Amino acid sequence: MTPDYPPLSAPLQCLEEAERLFWGSAAERAALFRLSAEGGTAAILRVDAAVVAGLAALGLPRGPVRGVAVESAPGMLAGWKDPACTVHLSAEALSAYLQDGLPDAIARIWVHESLHARQPYAPTYHSEYAAAAGYEEGMVEGLARSVLRDHAGMSALAGTFEYYVTVYLALGDVLDVAVERLWRSLWQAPAGQVRARFPRVLADLTGWPDGRPVDSVTLGRLQAVADRLFDTRRGRWWPDPMELARTWRLAIR
Amino acid sequence: MTAEEYLAKLEALMAGGRHQEALAFSTAASARIVPPLTADQRETVYSLMEMAATLASLARDASALPQRETA
(Lines give C-alpha, C1' and ligand atoms only; values in the text may rest on other atoms or scores of the structure.)
Protein backbone atom coordinates (compact mmCIF):
# COMPACT_ATOMS: atom_id res chain seq x y z
CA MET A 1 0.00 0.00 0.00
CA THR A 2 1.31 3.47 -0.90
CA PRO A 3 1.89 5.66 2.15
CA ASP A 4 -0.04 8.91 2.28
CA TYR A 5 1.58 12.20 3.32
CA PRO A 6 -1.16 14.58 4.45
CA PRO A 7 0.81 17.80 4.17
CA LEU A 8 1.49 17.31 0.47
CA SER A 9 -0.47 19.11 -2.23
CA ALA A 10 -2.00 17.05 -5.04
CA PRO A 11 0.90 17.51 -7.53
CA LEU A 12 3.42 16.26 -4.97
CA GLN A 13 1.21 13.31 -4.04
CA CYS A 14 1.65 12.14 -7.65
CA LEU A 15 5.44 11.83 -7.42
CA GLU A 16 7.29 8.52 -7.45
CA GLU A 17 7.55 6.88 -4.04
CA ALA A 18 11.15 7.88 -3.21
CA GLU A 19 10.48 11.49 -4.15
CA ARG A 20 7.17 11.59 -2.31
CA LEU A 21 8.92 10.22 0.76
CA PHE A 22 11.39 13.11 0.64
CA TRP A 23 8.71 15.77 0.33
CA GLY A 24 6.33 14.17 2.82
CA SER A 25 8.57 12.92 5.62
CA ALA A 26 10.53 15.31 7.82
CA ALA A 27 12.52 12.41 9.26
CA GLU A 28 13.54 11.21 5.79
CA ARG A 29 14.65 14.70 4.79
CA ALA A 30 16.66 15.20 7.98
CA ALA A 31 18.44 11.88 7.49
CA LEU A 32 19.28 12.67 3.86
CA PHE A 33 20.48 16.17 4.73
CA ARG A 34 22.75 14.78 7.46
CA LEU A 35 24.34 12.42 4.95
CA SER A 36 24.56 15.20 2.35
CA ALA A 37 26.37 17.51 4.79
CA GLU A 38 28.93 14.74 5.25
CA GLY A 39 29.41 14.59 1.48
CA GLY A 40 27.42 11.42 0.83
CA THR A 41 27.04 11.33 -2.93
CA ALA A 42 24.07 8.96 -2.97
CA ALA A 43 22.16 11.14 -0.51
CA ILE A 44 22.95 14.33 -2.48
CA LEU A 45 21.72 12.70 -5.67
CA ARG A 46 18.53 11.49 -3.98
CA VAL A 47 17.76 14.91 -2.54
CA ASP A 48 18.49 16.58 -5.84
CA ALA A 49 16.32 14.15 -7.81
CA ALA A 50 13.44 14.76 -5.39
CA VAL A 51 13.85 18.54 -5.58
CA VAL A 52 13.93 18.45 -9.39
CA ALA A 53 10.87 16.19 -9.58
CA GLY A 54 8.94 18.24 -7.03
CA LEU A 55 9.61 21.54 -8.75
CA ALA A 56 8.61 20.07 -12.12
CA ALA A 57 5.37 18.75 -10.62
CA LEU A 58 4.63 22.24 -9.28
CA GLY A 59 5.18 23.87 -12.67
CA LEU A 60 8.55 25.36 -11.74
CA PRO A 61 11.03 23.05 -13.49
CA ARG A 62 14.75 23.52 -13.03
CA GLY A 63 16.72 24.07 -16.20
CA PRO A 64 19.87 22.17 -17.15
CA VAL A 65 22.72 22.43 -14.63
CA ARG A 66 26.24 20.99 -14.62
CA GLY A 67 25.60 19.50 -11.22
CA VAL A 68 25.02 20.15 -7.53
CA ALA A 69 28.13 20.37 -5.37
CA VAL A 70 28.01 20.13 -1.59
CA GLU A 71 31.45 21.39 -0.68
CA SER A 72 33.44 22.95 2.11
CA ALA A 73 32.88 26.70 1.95
CA PRO A 74 34.28 28.13 5.17
CA GLY A 75 32.86 31.48 6.09
CA MET A 76 29.34 32.57 5.56
CA LEU A 77 28.14 31.37 2.19
CA ALA A 78 25.20 28.96 2.31
CA GLY A 79 24.56 28.38 -1.35
CA TRP A 80 24.77 29.94 -4.77
CA LYS A 81 24.37 29.14 -8.43
CA ASP A 82 27.25 30.27 -10.61
CA PRO A 83 26.81 31.64 -14.15
CA ALA A 84 28.31 28.42 -15.54
CA CYS A 85 25.26 26.59 -14.11
CA THR A 86 26.62 24.68 -11.13
CA VAL A 87 24.62 24.82 -7.91
CA HIS A 88 26.91 25.11 -4.87
CA LEU A 89 25.84 24.31 -1.30
CA SER A 90 28.05 24.81 1.73
CA ALA A 91 28.64 21.74 3.88
CA GLU A 92 29.28 24.06 6.85
CA ALA A 93 25.97 25.86 6.38
CA LEU A 94 24.14 22.54 6.08
CA SER A 95 25.74 21.41 9.35
CA ALA A 96 24.85 24.72 11.04
CA TYR A 97 21.20 24.34 10.09
CA LEU A 98 21.16 20.76 11.37
CA GLN A 99 22.72 21.89 14.66
CA ASP A 100 20.11 24.65 14.94
CA GLY A 101 17.35 22.07 14.50
CA LEU A 102 16.32 23.59 11.16
CA PRO A 103 16.83 20.78 8.60
CA ASP A 104 14.12 22.15 6.30
CA ALA A 105 16.09 25.37 5.90
CA ILE A 106 18.37 23.16 3.79
CA ALA A 107 15.39 22.25 1.60
CA ARG A 108 14.78 25.98 1.23
CA ILE A 109 18.36 26.66 0.08
CA TRP A 110 18.24 23.72 -2.33
CA VAL A 111 14.96 24.93 -3.85
CA HIS A 112 16.11 28.56 -3.85
CA GLU A 113 19.24 27.79 -5.86
CA SER A 114 17.29 25.47 -8.18
CA LEU A 115 14.83 28.29 -8.91
CA HIS A 116 17.76 30.52 -9.92
CA ALA A 117 18.66 27.72 -12.35
CA ARG A 118 15.33 27.83 -14.24
CA GLN A 119 17.07 28.99 -17.44
CA PRO A 120 20.59 30.07 -18.39
CA TYR A 121 21.35 33.60 -17.25
CA ALA A 122 20.43 36.34 -19.71
CA PRO A 123 23.29 38.57 -20.97
CA THR A 124 21.78 41.39 -18.90
CA TYR A 125 22.24 39.42 -15.68
CA HIS A 126 25.31 41.30 -14.49
CA SER A 127 23.82 44.76 -14.89
CA GLU A 128 20.48 43.83 -13.31
CA TYR A 129 22.04 41.97 -10.40
CA ALA A 130 24.65 44.63 -9.69
CA ALA A 131 22.00 47.35 -9.53
CA ALA A 132 18.91 45.64 -8.16
CA ALA A 133 19.51 42.07 -7.00
CA GLY A 134 16.23 42.11 -5.09
CA TYR A 135 14.07 41.54 -8.17
CA GLU A 136 15.66 38.10 -8.60
CA GLU A 137 16.51 37.20 -5.01
CA GLY A 138 13.20 38.31 -3.52
CA MET A 139 11.21 36.40 -6.13
CA VAL A 140 13.28 33.23 -5.81
CA GLU A 141 13.36 33.25 -2.01
CA GLY A 142 9.65 34.07 -1.73
CA LEU A 143 8.74 31.32 -4.15
CA ALA A 144 10.99 28.81 -2.35
CA ARG A 145 9.29 29.51 0.97
CA SER A 146 5.86 29.42 -0.63
CA VAL A 147 6.52 26.06 -2.32
CA LEU A 148 7.81 24.41 0.83
CA ARG A 149 5.23 25.86 3.18
CA ASP A 150 2.09 25.72 1.04
CA HIS A 151 2.71 22.53 -0.93
CA ALA A 152 4.65 20.44 1.59
CA GLY A 153 3.65 21.81 4.99
CA MET A 154 7.21 22.73 6.03
CA SER A 155 7.25 25.54 8.54
CA ALA A 156 10.68 25.93 10.20
CA LEU A 157 12.43 27.32 7.13
CA ALA A 158 14.39 30.32 8.45
CA GLY A 159 15.08 32.54 5.42
CA THR A 160 17.45 34.80 3.57
CA PHE A 161 16.70 38.03 1.70
CA GLU A 162 13.98 38.94 4.20
CA TYR A 163 13.84 42.56 3.05
CA TYR A 164 13.26 41.76 -0.62
CA VAL A 165 10.64 39.10 0.14
CA THR A 166 8.75 41.57 2.31
CA VAL A 167 8.89 44.17 -0.49
CA TYR A 168 7.02 41.71 -2.72
CA LEU A 169 4.56 40.76 0.04
CA ALA A 170 3.73 44.43 0.59
CA LEU A 171 3.24 44.93 -3.15
CA GLY A 172 0.88 41.96 -3.33
CA ASP A 173 -1.14 43.36 -0.44
CA VAL A 174 -1.36 46.85 -1.90
CA LEU A 175 -2.35 45.59 -5.37
CA ASP A 176 -4.61 42.88 -3.95
CA VAL A 177 -2.78 40.25 -5.99
CA ALA A 178 -1.77 36.83 -4.63
CA VAL A 179 1.97 37.22 -4.34
CA GLU A 180 2.65 33.68 -5.53
CA ARG A 181 1.01 34.58 -8.89
CA LEU A 182 3.31 37.56 -9.12
CA TRP A 183 6.38 35.45 -8.34
CA ARG A 184 5.41 32.69 -10.79
CA SER A 185 4.91 35.20 -13.58
CA LEU A 186 8.30 36.78 -12.91
CA TRP A 187 9.94 33.32 -12.63
CA GLN A 188 9.15 32.78 -16.33
CA ALA A 189 11.82 35.34 -17.21
CA PRO A 190 15.44 34.18 -17.10
CA ALA A 191 17.62 35.66 -14.39
CA GLY A 192 18.68 39.04 -15.71
CA GLN A 193 15.30 39.77 -17.30
CA VAL A 194 13.13 39.92 -14.19
CA ARG A 195 13.31 43.71 -13.92
CA ALA A 196 12.37 44.08 -17.59
CA ARG A 197 9.41 41.74 -17.13
CA PHE A 198 8.17 43.44 -13.96
CA PRO A 199 5.87 46.12 -15.51
CA ARG A 200 4.31 43.66 -17.96
CA VAL A 201 3.53 41.23 -15.14
CA LEU A 202 1.94 43.99 -13.11
CA ALA A 203 -0.11 45.08 -16.13
CA ASP A 204 -1.31 41.50 -16.69
CA LEU A 205 -2.22 40.85 -13.06
CA THR A 206 -3.71 44.13 -11.99
CA GLY A 207 -6.26 46.70 -13.03
CA TRP A 208 -8.24 49.58 -11.60
CA PRO A 209 -11.54 48.72 -9.85
CA ASP A 210 -13.52 49.84 -12.92
CA GLY A 211 -11.72 47.28 -15.09
CA ARG A 212 -9.38 49.68 -16.89
CA PRO A 213 -5.81 48.44 -17.24
CA VAL A 214 -3.18 50.17 -15.15
CA ASP A 215 -1.74 53.01 -17.24
CA SER A 216 1.86 53.23 -18.35
CA VAL A 217 2.60 56.24 -16.14
CA THR A 218 1.59 54.30 -13.02
CA LEU A 219 3.58 51.28 -14.19
CA GLY A 220 6.59 53.54 -14.64
CA ARG A 221 6.18 54.87 -11.11
CA LEU A 222 5.92 51.31 -9.75
CA GLN A 223 9.11 50.36 -11.60
CA ALA A 224 10.93 53.40 -10.21
CA VAL A 225 9.89 52.49 -6.67
CA ALA A 226 10.84 48.86 -7.27
CA ASP A 227 14.30 49.89 -8.50
CA ARG A 228 14.85 51.66 -5.20
CA LEU A 229 13.42 48.94 -2.95
CA PHE A 230 15.20 46.10 -4.76
CA ASP A 231 18.54 47.95 -4.74
CA THR A 232 21.43 45.52 -4.20
CA ARG A 233 22.66 47.67 -1.31
CA ARG A 234 19.51 46.85 0.65
CA GLY A 235 20.52 43.20 0.97
CA ARG A 236 21.01 43.40 4.73
CA TRP A 237 18.22 45.84 5.54
CA TRP A 238 15.53 44.69 7.89
CA PRO A 239 12.01 45.30 6.52
CA ASP A 240 9.25 47.45 7.95
CA PRO A 241 6.13 46.01 6.25
CA MET A 242 3.90 49.00 7.07
CA GLU A 243 6.41 51.46 5.66
CA LEU A 244 6.91 49.37 2.52
CA ALA A 245 3.14 49.20 1.95
CA ARG A 246 2.94 52.99 2.35
CA THR A 247 5.71 53.41 -0.25
CA TRP A 248 3.90 51.21 -2.77
CA ARG A 249 0.60 53.03 -2.15
CA LEU A 250 2.27 56.35 -2.98
CA ALA A 251 3.28 54.89 -6.36
CA ILE A 252 -0.27 53.97 -7.40
CA ARG A 253 -2.02 57.17 -6.39
CA MET B 1 34.99 41.61 16.87
CA THR B 2 31.29 42.10 17.54
CA ALA B 3 28.58 40.93 15.17
CA GLU B 4 27.71 44.52 14.31
CA GLU B 5 31.32 45.37 13.49
CA TYR B 6 31.49 42.26 11.31
CA LEU B 7 28.27 43.14 9.48
CA ALA B 8 29.33 46.78 9.05
CA LYS B 9 32.66 45.75 7.52
CA LEU B 10 30.93 43.30 5.17
CA GLU B 11 28.43 45.93 4.14
CA ALA B 12 31.19 48.46 3.46
CA LEU B 13 33.06 46.00 1.26
CA MET B 14 29.87 45.18 -0.64
CA ALA B 15 28.96 48.85 -1.07
CA GLY B 16 32.44 49.51 -2.44
CA GLY B 17 32.05 46.75 -5.01
CA ARG B 18 34.83 44.71 -3.36
CA HIS B 19 32.94 41.43 -3.55
CA GLN B 20 35.91 39.09 -3.59
CA GLU B 21 37.30 40.80 -0.49
CA ALA B 22 33.92 40.50 1.21
CA LEU B 23 33.99 36.75 0.63
CA ALA B 24 37.56 36.48 1.93
CA PHE B 25 36.75 38.62 4.96
CA SER B 26 33.68 36.55 5.80
CA THR B 27 35.85 33.43 5.77
CA ALA B 28 38.68 34.92 7.81
CA ALA B 29 36.59 36.73 10.40
CA SER B 30 33.52 34.57 10.95
CA ALA B 31 35.20 32.49 13.67
CA ARG B 32 36.33 35.60 15.60
CA ILE B 33 32.92 37.07 16.26
CA VAL B 34 32.09 37.32 19.96
CA PRO B 35 29.39 36.53 20.83
CA PRO B 36 28.61 34.34 17.79
CA LEU B 37 26.09 35.57 15.24
CA THR B 38 22.47 34.97 16.08
CA ALA B 39 20.49 32.82 13.66
CA ASP B 40 18.88 35.97 12.16
CA GLN B 41 22.24 37.68 11.72
CA ARG B 42 23.64 34.56 10.09
CA GLU B 43 20.75 34.52 7.60
CA THR B 44 21.45 38.14 6.77
CA VAL B 45 25.10 37.34 6.14
CA TYR B 46 24.11 34.35 4.00
CA SER B 47 22.09 36.77 1.87
CA LEU B 48 25.01 39.19 1.55
CA MET B 49 27.45 36.43 0.74
CA GLU B 50 25.23 34.92 -1.93
CA MET B 51 25.19 38.31 -3.61
CA ALA B 52 28.96 38.74 -3.12
CA ALA B 53 29.69 35.33 -4.63
CA THR B 54 27.43 35.98 -7.60
CA LEU B 55 28.84 39.44 -8.25
CA ALA B 56 32.46 38.29 -7.86
CA SER B 57 31.82 35.44 -10.25
CA LEU B 58 30.14 37.70 -12.79
CA ALA B 59 33.04 40.16 -12.56
CA ARG B 60 35.51 37.34 -13.28
CA ASP B 61 33.44 36.30 -16.30
CA ALA B 62 33.30 39.86 -17.57
CA SER B 63 37.07 40.30 -17.28
CA ALA B 64 37.64 37.02 -19.12
CA LEU B 65 35.33 37.94 -22.00
CA PRO B 66 37.78 39.95 -24.20
CA GLN B 67 40.30 37.09 -24.03
CA ARG B 68 37.70 34.62 -25.24
CA GLU B 69 36.66 36.96 -28.02
CA THR B 70 40.20 37.36 -29.32
CA ALA B 71 41.19 33.72 -28.89
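The values are calculated or read from the model by the stated rules, or taken from the named source; none is laboratory data. Note that this is a predicted model, so its numbers are computed, not measured. Backbone-built Cβ (ideal geometry, glycine too); neighbour counts: all protein chains shown.
To keep it simple, each residue is scored yes or no on (1) touching a residue at least 60 places away in the same chain (Cβ under 8 Å); (2) out of contact with any Gly (no Cβ under 8 Å at 6 or more places or on another chain).
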position: A:Met154; (1), (2): yes, yes
position: A:Val167; (1), (2): yes, no
position: A:Leu182; (1), (2): no, no
position: A:Phe198; (1), (2): yes, yes
position: A:Val214; (1), (2): no, no
position: A:Arg221; (1), (2): no, yes
position: A:Val225; (1), (2): no, yes
position: A:Phe230; (1), (2): yes, no
position: A:Pro239; (1), (2): yes, yes
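If you go through segment A:79-96 and pick out every residue that is at pLDDT 85 or above and either surrounded by fewer than 15 Cβ atoms within 10 Å (Cβ to Cβ) or more than 20 Å from A:Thr41 (Cβ to Cβ) (or both), you end up with 2.
Take A:Glu128 and decide whether it is facing chain B (nearest Cβ under 9 Å), surrounded by 18 or more Cβ atoms within 10 Å (Cβ to Cβ) and in a helix (DSSP H, G or I). For A:Glu128, the condition - facing chain B (nearest Cβ under 9 Å), surrounded by 18 or more Cβ atoms within 10 Å (Cβ to Cβ) and in a helix (DSSP H, G or I) - is not met. Step by step: first the residues of segment A:26-49, then only those that are in contact (Cβ under 8 Å) with a residue 40 or more places away in the chain and of a type in the set (A, V, I, L, M, F, W, C), then the one that is nearest to A:Ser95 (Cα to Cα). Which residue is that? Residue satisfying both the conditions and the ranking: A:Ala37.
If you go through segment A:152-176 and pick out every residue that is crowded, with 20+ Cβ neighbours inside 10 Å, closer than 22 Å to A:Gly24 by Cα and either of a type in the set (Asp, Glu) or away from chain B (no Cβ under 11 Å) (or both), you end up with 2. For the residues B:Leu7, B:Leu13, B:Leu55, the requirement of being surrounded by 14 or more Cβ atoms within 10 Å (Cβ to Cβ), more than 11 Å from chain A (Cβ to nearest Cβ) and at pLDDT 80 or above singles out B:Leu13.
Rundown of residues vs (1) away from chain B (no Cβ under 14 Å); (2) over 20 Å from the mean Cα position of the chain (by Cα); (3) crowded, with 19+ Cβ neighbours inside 10 Å, yes/no style:
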site: A:Ala178; (1), (2), (3): yes, no, no
site: A:Ala189; (1), (2), (3): yes, no, yes
site: A:Ala196; (1), (2), (3): yes, no, no
site: A:Arg212; (1), (2), (3): yes, yes, no
site: A:Asp215; (1), (2), (3): yes, yes, no
site: A:Leu219; (1), (2), (3): yes, yes, yes
site: A:Ala226; (1), (2), (3): yes, no, yes
site: A:Phe230; (1), (2), (3): no, no, yes
site: A:Ala245; (1), (2), (3): yes, yes, no
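Can you pull out the residues in segment A:56-92 that are basic (Lys, Arg) and out of contact with any His (no Cβ under 7 Å at 6 or more places or on another chain)? Residues satisfying the conditions are A:Arg62, A:Arg66.
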